[in-house]
Amino acid sequence: MARPAAPIKVTGAFFILAVILSPAERGEESREILPPQGEVRMTNQGRFAKIHLMDLNDLKTRAFHEIAEAKEVKALEGARVKYLGRERGELTKILRSLKDRPLADRQKVGPLANILRKEIEDGLKAKFKKLEEKQIKRSAQLDVSMPGKKIKLGHLHPLTLIENKIKEIFSGLNFSVVEGPEVESDYYNFDALNIPANHPARDMWDTFWLRQNGIKNSERLLLRTHTSPMQIRYMETHEPPFQIIVPGRVFRYEAIDASHEINFHQVEGLMVGESVSLANFKYIITEFLKRLFDENTQVRFRPSYFPFVEPGLEIDIKLGGDWLEVMGAGMVHPKVFDAVKYNPKFVKGFAFGLGLERMAMIKYKIPDIRMFYENDMRFLKQF
Ligand code: PHE
């Protein structure tokens, strides 16, 4: 409904009003406080109309003051609800009360109240627009002197760091890197490595078995206890000569303490050829340990037992006066070659298996294997 927003002057009744009203009520004061859009003048001596016309003046003053003062959309919306709100808006209430009034009152107050409503609505609309523009302008401003946000970069886990380092060293010694499955069959993890069922050596590698029904023993699945099954898988599908390393995750059913975890990592090594010897192994592994730790690292080779090598060895390095075991190794057992249909008369090979955690603990001086898996930022941030 279009109504004129122009000032309202009902001058015809003004003389009478001037007689009965105080100066303020006559609108002298309202001339100062009313906004320039116009003023609401009283046109009637009836009590109802008089009170409401005063209310309208006061209301108009307050409403426009609040609109002018509003610095945020939220404050402006507050003003809208206060005066025009459907339920409790001050002006809404006045308008609503009109319907119970006699026609004469309605005719006097009604049009003025409606015009005022329209004025307040327009005032709100204009201010909403202004605030919005200000907001857009503000967000479009770019302060080039503002300090930037620091983007935190993550980094590699210490186990990944040591794995990468080991891969790098062996690549330099002409080894290839291959990987194998973490879920293995009984055959690859044990049988083919000369560890038959019921052999006491199986006690060295207690592990987690997968629940399966009606499966032959050799096909039963387990979480691999070492990376050695990849010796078999690789030889089944490749012809010598070759040299490989196999980094990967392994599992054991262990009581956890500072040096034992149920899940850890190994790097398997295997070199097979016509005349690969233990002397070759000693050279390669000493070279590797010197490159990983330092040039003066002292290395010791000790006889040991693993069913899939003959002879079997354990390798220690000297650390602060103590010898520390770092890997198992040996010459590939003829029965292992049999299992992959290599002829042990024509090929020889060495194999080794080292613990990745153990290497990292020595290199980075980490006292407890559990720290690798706790994801404590205070620990991880140090690498
Ligand atoms: N697989 C053995 C272990 O987990 C280590 C090893 C690998 C020993 C290769 C000899 C040769 O303990």
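The values are calculated or read from the model by the stated rules, or taken from the named source; none is laboratory data. As the structure is a prediction and not an experimental result, all values here were calculated from the model. Note that we place each Cβ from the backbone using ideal geometry, even for glycine, and neighbour counts take in every protein chain shown.
When we screen 272, 177, 276 for residues that are assigned by TED's automatic domain parsing to the domain that holds residue 342 and farther than 24 Å from residue 344 by Cα, the only hit is 177. Please work out which residue is surrounded by the fewest Cβ atoms within 10 Å (Cβ to Cβ), limiting yourself to the stretch 50-90 and to residues that are acidic (Asp, Glu) and either farther than 16 Å from residue 112 by Cα or outside the structural domain of residue 124 (by TED's automatic domain parsing) (or both). Ranking the candidates gives 87 first. Against the numbered list (1) hydrophobic (A, V, I, L, M, F, W, C); (2) within 16 Å of the ligand (Cβ to nearest atom); (3) outside any loop (DSSP other than H, G, I, E, B), residue 306 comes up short only at (3). Whether any residue in the stretch 333-344 is touching a Ser or Thr at 6+ places or on another chain (Cβ under 7 Å) and part of a helix (DSSP H, G or I) is what I want to check. No. Residue 222 falls short on exactly one of the conditions (1) out of contact with any helix residue (DSSP H, G or I) (no Cβ under 9 Å at 6 or more places or on another chain); (2) more than 13 Å from the ligand (Cβ to nearest atom); (3) part of a strand (DSSP E or B), and that condition is (1).
Residue pairs whose Cβ atoms lie under 8 Å apart, separated by 6 or more positions or on different chains, with the first residue in the stretch 205-216 and within 25 Å of residue 266 (Cα to Cα) and the second assigned to a loop (DSSP other than H, G, I, E, B) and away from the ligand (no atom under 15 Å from the Cβ), are 209/220; 210/220. Scan the stretch 237-248 and tell me whether some residue there is touching a Phe, Trp or Tyr at 6+ places or on another chain (Cβ under 8 Å), within 12 Å of the ligand (Cβ to nearest atom), over 17 Å from residue 168 (Cα atoms) and in contact (Cβ under 8 Å) with a residue 12 or more places away in the chain. No: the stretch 237-248 contains no residue that is touching a Phe, Trp or Tyr at 6+ places or on another chain (Cβ under 8 Å), within 12 Å of the ligand (Cβ to nearest atom), over 17 Å from residue 168 (Cα atoms) and in contact (Cβ under 8 Å) with a residue 12 or more places away in the chain. Note on the stretch 183-214: among residues that are closer than 17 Å to residue 340 by Cα and in contact with a His (Cβ under 9 Å, 6 or more places away or on another chain), the one that is nearest to the ligand (Cβ to nearest atom) is 193.
Among the numbered conditions (1) within 28 Å of residue 374 (Cβ to Cβ); (2) loosely packed, with under 12 Cβ neighbours inside 10 Å; (3) within 16 Å of the ligand (Cβ to nearest atom), the only one that residue 152 does not meet is (3). Of all the residues in the stretch 254-303, those that are within 16 Å of the ligand (Cβ to nearest atom), of a type in the set (D, E, K, R) and not in a strand (DSSP E or B) number 3.
Are any of the residues in the stretch 344-353 without any contact (Cβ under 8 Å) to a residue 12 or more places away in the chain, in the same structural domain as residue 304 (by TED's automatic domain parsing) and over 14 Å from residue 315 (Cα atoms)? Yes, the stretch 344-353 has at least one match.
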